[in-house]
Structure formats: C-alpha cells, structure tokens
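Working notes for the structure below.
The values are calculated or read from the model by the stated rules, or taken from the named source; none is laboratory data. This structure is a prediction, so every number in the text was calculated from the model and none was measured. Cβ: placed from backbone, ideal geometry, glycine included. Neighbour counts: every protein chain shown. Surface accessibility is based on the protein's heavy atoms, side chains included, excluding ligands, DNA and RNA. Shrake-Rupley method; radii C 1.70, N 1.55, O 1.52, S 1.80 Å.
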Amino acid sequence: FDGQGYTISGLTINRPAMDSVGLFSITDGASVQNVGLVGGSVTGQDNVGGLVGWFHYGSSFTNAFSGADVHGRTGVGGFGGQGRGTTFTNVYATGDVTGTSWGIGGFAGTMTEGSSVNSAYATGNVYAPTAQDVGGFVGTVGSSTGLTNAYATGNVTGSDQVGGFAGSFGDGNTTLSNSY
C-alpha cells in the first residue's frame, strides 16, 4: 500500500471486543509506505495499533505515522499493536496509548523475532496503571530485534516492568543503539 503522502484525518475505530484492530488489521509480508493518521482514535481488545493491529513476518512500514489515540487490553501501541519480523523505517506515533494487561507502548506494544526499527519515535503518553511490560516506546522487546535511532518522550504509567523507553527488553541478539 502506497499512500502517496496522503493523510487520513479523524479516523475513529471503536471495536472494544475485537482483536487485531487498526487502519490495517493484520499485515503479513505487506509493504505500507507514505501514509499517516492525523488525530482520531482506535479502540480494540488485543493487538491494537493506530496504523496496524498485528504486524507479521516480512512486512515493512516506511515514511508512515499515526497521531491517533489508541486503547486496548494487550499488545497495544500508538503505531502498531503486536508482531514479529517487521521492518520500520522513518516512522512515528504521537497519540496517547491506554492499556490494561501487558505489552503497552507509545510506538508498539510487543515487538519480537527479527523486527527492526530505524529512525522512529513516540511522543504520546502511555497510561496503563494495571498493566505490566509498559514502555514509552515499546512495552516488550523480544529476541533478535534491533532498535536504532529511536526515542520516546511521553509520560509512562504502569504497574510492573515499566520503563521510559521499554518495559521489558528481550534476550538473544536484541540490540539497542543511538536511542533514548
């Protein structure tokens, strides 16, 4: 999907009992580029993100952003909810994020197994007072994931394993560089 630099303003998705909720519900080997969400809100249950709910192997996001506020239970992020094996380049999230269980982050809720991020940021507040694995950028970072040139500046509230950048940081070949 190439948005050709266009934005979508005021998108509202309200599906509190549904999983994998976002502008794109699930991506699997997809390429999404040159698109953004301005304002609006996205509400779902698990795997909820402004641009994508569940991102999967071989997907890539380039020159994209989400300014939507995002609400959910588990795997909730301002840009993407939860996933693995995905590449993010020149992307950001500015909306506030609210979650109640685990894996809650300003950019992504949970990111694992070969995901990579280069040039990304999250500036929204993350509010998850009953949740664990809560971070300003990502809630949970798993194995073989690389984050480069990334930062988070929002306020973060959580219950257990809470961090300004990441709530829990993975194992096995996980790297973080030039980030704060």
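What do you reckon, is THR110 within 16 Å of THR145 (Cβ to Cβ) and under 10 Å from the mean Cα position of the chain (by Cα)? Here the answer is yes, as THR110 does meet what is asked. Scoring THR174 on the criteria (1) open to solvent by 50 Å² or more (accessible area, probe 1.4 Å); (2) of a type in the set (Val, Ile, Thr); (3) over 15 Å from the mean Cα position of the chain (by Cα) leaves a single failure, condition (1). Annotation note: of VAL48, VAL42, the sole residue that is out of contact with any Ser or Thr (no Cβ under 7 Å at 6 or more places or on another chain), in contact (Cβ under 8 Å) with a residue 40 or more places away in the chain and among the β-branched types (Val, Ile, Thr) is VAL48. Residues that are surrounded by 17 or more Cβ atoms within 10 Å (Cβ to Cβ) and either modelled with pLDDT under 95 or not charged (D, E, K, R) (or both): which strands (runs of 3 or more DSSP E) entirely in region 1-68 hold 2 or more of them? So the answer is 24-28, 31-38, 41-43, 46-49, 52-56, 60-66.
Looking only at residues in region 72-84 that are part of a strand (DSSP E or B) and of a type outside the set (Gly, Ala, Ser), the one that is surrounded by the most Cβ atoms within 10 Å (Cβ to Cβ) is VAL76.
Just name the residue that is surrounded by the fewest Cβ atoms within 10 Å (Cβ to Cβ) out of those in region 143-166 that are in a loop (DSSP other than H, G, I, E, B) and within 16 Å of the chain's Cα centre (by Cα). Don't jump to the end; show me each part of the working.
We begin by selecting, within region 143-166, every residue in a loop (DSSP other than H, G, I, E, B); these are 143-145, 153-155, 158-159, 164-165.
Within this subset, residues satisfying the condition of being within 16 Å of the chain's Cα centre (by Cα) are 145, 153-155, 164-165.
Numbers: THR145: 25, THR153: 15, GLY154: 21, ASN155: 12, GLY164: 17, PHE165: 22.
Step by step, filter region 143-166, then rank; the result is ASN155.
Applying the criterion of being open to solvent by less than 40 Å² (accessible area, probe 1.4 Å), in contact with an Asp or Glu (Cβ under 7 Å, 6 or more places away or on another chain) and in a loop (DSSP other than H, G, I, E, B) to the residues of region 101-142, the residue that is nearest to THR175 (Cα to Cα) is GLY142.
Can you find a residue that is more than 24 Å from GLY29 (Cβ to Cβ), in a strand (DSSP E or B) and modelled with pLDDT of 95 or more anywhere in region 85-95? There is no residue in region 85-95 that is more than 24 Å from GLY29 (Cβ to Cβ), in a strand (DSSP E or B) and modelled with pLDDT of 95 or more.
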